[in-house]
1. Mind checking which of A:86, A:28, A:275 has the largest fluctuation in a GNM of chain A, springs on alpha carbons under 10 Å?
2. Rank these residues by their accessible area, most exposed first, probe 1.4 Å: A:94, A:78, A:197.
3. In chain B, which helices (entire DSSP H runs) extend 20 Å or more along their own long axis, judged by Cα positions, while averaging at least 1.0 on the Kyte-Doolittle scale?
4. At a 1.4 Å probe, which residues in region A:95-124 are at least 50 Å² less accessible with all protein chains present than in their chain isolated?
5. With only Lys, Arg, Asp and Glu charged, each at its Cβ (+1 for the first two, -1 for the last two), find how big the charge dipole of region A:12-94 is about the Cα centre; round to the nearest 20 debye.
6. Taking the Cα-to-Cβ direction at residue A:224 and at residue B:357 and moving 7 Å from each Cα, how far apart do the two end points lie in nm?
7. Taking Cα pairs under 8 Å and at least six residues apart, what relative contact order does region A:9-228 come out at, in percent?
8. What are the residues of region A:40-77 that lose 30 Å² or more of accessible area, with a 1.4 Å probe, going from their chain alone to all protein chains?
Amino acid sequence: MPGEAVPFLAVRAVDAFWGDLPVLRSVSFDLEEGELLSLLGPNGSGKTTLLRCLAGLETPRRGSVRLRGTDITGWPPHRRGIGLVSQDPTLFPHRTVWENIAYGPQVRRWDAEAVASRVAELLGQLSLERFAERYPGALSGGEQQRVALARALAPRPELLLLDEPLAAVDPELRADLRAEFRELLRAQRTSAIHVTHDREEGFFLGDRVLMLFEGRVAQSGTPEAIWDRPAGRTVAAFLGYNILFRDGRPVGVRPDRLRIGPEGGPGVPARVIRSGFVGEARSIQLRLEEGGRAEVRCAREAPSIPPGRAVRLTWDEEVAIGPSAAPRP
Amino acid sequence: MRRLGAARLLPLLPLVPVLLFVLLVVLLPAGFVFGGALAGGGADRLPALFGDPLNRRALENSLEQGGASALLAGALGYPAGIALGRFSFPGRRLLRAFLLVPFLLPTLVVVVGFEELFGPAGFGPALWPALAGLGRGLDGILAVNAYFCAAMVSLTTAAAIETAPHEQEEAVRTLGGSPYRAFREVWGPPSGLGALAGMTLTFLLSALGFAAPLVVCGPGCYTLEVRIWSLAEVLGQPQEAGLLALATFLLLSLPVVGYVYLLRGSRRRRARRSRSPPPLRLRDPRAWPAIAYLSLFFGAILLLLGVVLLRSVTTVSGAPSLAGLRLLFAPATARRLGISTVAAGANSLFFASGAAILALLLAVLAAYGARSGARGAALPEYLLFLPLLISPVLLAFGLATLWRPLLGGASGTWVWILLSQAALALPFAAQTLRLALDRLPKGPWEAACLLGSRPFAAHLDAELPRLGSAVGAAALFAFAFGFGEFTATYFLVLPPFTTWPVELFDLPEIRLGAAAPALAGLLVLVSLAGFAAIEGGIRRLAR
């Protein structure tokens, strides 16, 4: 339509298959310039395939990918100007850190001064100066991922794709790195799509979150909106909500909002399977009498309940979420 | 899902030289020979071709020599392959690399070696007279073929065993499986496939044997390859030779397809890297059979090389003497051969180097094509197997009849020798590179593409530098193939372009057989020196 704003990235009705097996089914979404989008979903939901389609490493069977209004669906990867950082850093082992980061600008024939300046800038921003002359084999996993991010950012890509880049990094370092990544992407004003199955990481890094299940977009919105109003049982269960039934209608309740009461009282009947200490809280696993399972998180000082005990689960009405409250994408 | 479907035609551009080479050097000349044979009623004679007793005898000899050599090489090479693939020990890598040496030696050197070992004046009969016939007749041909190919079978077996991760065997054993069950479920099937691939290649190379039947046995043992050469070059019946070449081509297509299928099967297994196999401990009695067999196996390889080297500087009675070398480099010898030994050596070096460079370039392009995943890009790689089907004699026959009269005549012979040597080396050089490339993760190549490199440039930047050792090995293959190549070169050669292997064949023909052991010794030395130089280079590159 004349006058209508063209999205920075427009993905329309993308279908992709592995053989005859559908991996992506009519996936559509937009990305605004400078936006950080988290693509969240369980393993096998098609997140990585979608990213590879955007990068040009796979070709969708149907649908289109438009960058600034230009259809790039059939373009080879080297013409797209899209960067990718994956779980495996895929650094060039025969090049030093400096040479790895300089690779993209050199391929694009930047002049030597501009290359050196860009590499120095990124080395500084990611605290990699002292590793500049080292080879990737001499770096830790976290350092390699920082180099991979610097290498991907060096040629100033239009769009950066991050495919679970922190999945192989240990938990303590992961928290530092994701804060570092977010700051850097903000500072570079880079549009990015970040794929993860870690909801905490997805919410932290994304301005917006796109939930992908079985190759379909299940929900899209801000992290807060998705957390508060998951669209349907699948999304709610993925986010850690217990799915319980009241009057035949499903409701979602967080494990820390459920209470355990004695058998015979009000609430949903359940039976304890096991309980255990999980750090700051005690986790109690239960089998619901009407089918399915639930988890209750209570204070670590709470009395232990023996396995097999019949109990009732209750919650405050205001903390429960129901399908009627959840917006559809 | 199509991979890299967006890059449709551009990745295929680097393959154009490969396709042109195969078309102009292999397919067109062979097609020209076939066309000439079928013209003028030739096609009608094709069904009755093996009614001729000499042709039928050649077919029977090919099948007999190919089949028996494959079985013999399999029986000798499989146990060595198991020992090399399933255990680690100091020097294992070097021993594995050394297995290539017999395969790369000129056939005639091995023939000379067997003559020295088992001939009338050889070391063997002196120790045990029953060994006297081993160097001659069908036994001699099988011994020569087995010497070449047993090492190759052990190499393909060891490589195939390494595709079965040792961790899987540990899992079977810790779950209560017996060693036999581990063999049956983990390393037995791939080792069998590897051995079968090596034996199929042995069958092909032996069924098309040329030098051994020609020298060791004579007309009664001629294979199809010798019969084609004889018809084309000696008897002046090119149409009959073409018809027999076509029949050979059709007969051998089945084993060649089988060989390529087996290679594809073993390649699919090469995705995982495994830890080193368990060490071979000298004190462990269970390791003794493996140690004993490996000692015998490599002892036999070294014995023949040692005998050839020794005879090059001794008399028949064993006394030290440089008479053979003096005769080899004497001006009179040069006059009778039409070329000096030094010049023939320079020719060998020139052809082998040129063929190695050309084969390596084409192998890099073909391996890239297969790697790129673009539709149709794997085709040239399969075309490179054509020289296994289009035999050296057919290749040379085609080049000589189609191109030599059109381009350069006799003075252009050197071009056709170089091209034929490159074509024959290509399947092995390309396969060496391809296998190494399959072991590399694709991530860095994809990363280079995403950073703006064109697919071929990304291959050169991100993958080729990591293939240093494979490039070195491919170069070794191609060089050694060229240096030792006899059949096609002998068909094409004219005196100014004579090479050492051709000279080695010619020396007894001009009654200078006494110089042959000296030249065979030189060829062994060059092969060993080349092996050492490139092996050292490979180590440096691998670091």
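The values are calculated or read from the model by the stated rules, or taken from the named source; none is laboratory data. Keep in mind it's a predicted model, so treat the numbers as computed, not measured. Cβ coordinates were reconstructed from backbone atoms using ideal geometry, including for glycine residues, and neighbour counts include every protein chain displayed. Accessible surface areas use protein heavy atoms only, side chains included; no ligands, DNA or RNA. Shrake-Rupley method; radii C 1.70, N 1.55, O 1.52, S 1.80 Å.
1. A:275
2. Accessible-area ranking of A:94, A:78, A:197, largest first: A:197, A:94, A:78.
3. Numbers: long enough: B:53-86 (48 Å, 0.12); B:137-161 (35 Å, 1.49); B:188-207 (28 Å, 1.06); B:238-268 (43 Å, 0.81); B:288-312 (35 Å, 1.92); B:341-372 (46 Å, 1.48); B:413-439 (40 Å, 0.88); B:468-484 (24 Å, 1.62); B:516-542 (38 Å, 1.45).
Counting only whole DSSP H runs, the qualifying helices are B:137-161, B:188-207, B:288-312, B:341-372, B:468-484, B:516-542.
4. A:103
5. Working: 10 positive and 9 negative charges, 45 e Å.
That gives region A:12-94 a dipole magnitude of about 220 debye.
6. 7.0 nm
7. Values: 410 pairs, mean separation 66.4, N = 220.
Averaging sequence separation for qualifying contacts and normalising by length gives 30 percent for region A:9-228.
8. Buried-area filter returns A:52, A:57, A:58, A:59, A:74, A:76, A:77.
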